[in-house]
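For reference, the structure is listed below as structure tokens.
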Amino acid sequence: MNPIKIKVLQKYRITFQFSRGFIKNCEFSAVIKMAVENLTRENFEKEVLDSKKPVIIDFYADWCGPCKRLKPVFDKLSNEYEGKICFKRLNTENEEMIAMEYGIRGIPCLIVLNNKKEVGRIAGYMGEVQLKSKIDSLISKI
């Protein structure tokens, strides 16, 4: 039989394997989801400019199709890079001035900053493997 997965409070995963109607195996694991924080003009300085770690910002808009497709990829990678780089998101429609300051001309656009300086940017949608490769390349410059 196939394992049955049950989520409890979306913080834990319990997987049961059954054999002949009885539980054969049970696995319990924590599901850690690192939240990608939304940036505003109020928290931008603290979360980005004063950050001790490098920051990658996803400049997006709610109406943008490629931005919507990038969101789950960006969220997934945020867990893989936990402790190495901070993942943040900025809505260009709500924070036009910040988007203008960084010269955002198209979205989605990801910018990696370290010590208040731009390390590089990634424009457009791409899949997980390609995005991870680009992020690795930018992090290696830090």
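Only the coordinates and a few stated rules stand behind these numbers; no lab work does. Values in this document were obtained by computation on a predicted structure and should not be read as measured data. Don't worry about glycine lacking a Cβ; one is built from the backbone with ideal geometry, like all the others, and counts go over all protein chains shown.
Worth a mention:
- Around residue 43: net Lys/Arg minus Asp/Glu count, Cβ-Cβ under 11 Å: -3
- Efficiency of FRET from Cβ geometry, residue 71 and residue 45, R₀ 22 Å, rounded to 0.05: 0.35
- Residues of type aspartates and glutamates that residue 46 reaches as a straight line, Cα spacing below 13 Å, ignoring anything fewer than 8 places off in the same chain: 37
- For 117, 71, the sequence from fewest to most other C-beta atoms within 10 Å is 117, 71.
- Whole-Å semi-axes of region 41-108's equivalent ellipsoid (Cα gyration tensor): 19, 17, 8
- Set 24/132; 84/117; 68/134; 52/134 screened for pairs whose C-alpha atoms are more than 27 Å apart: 24/132
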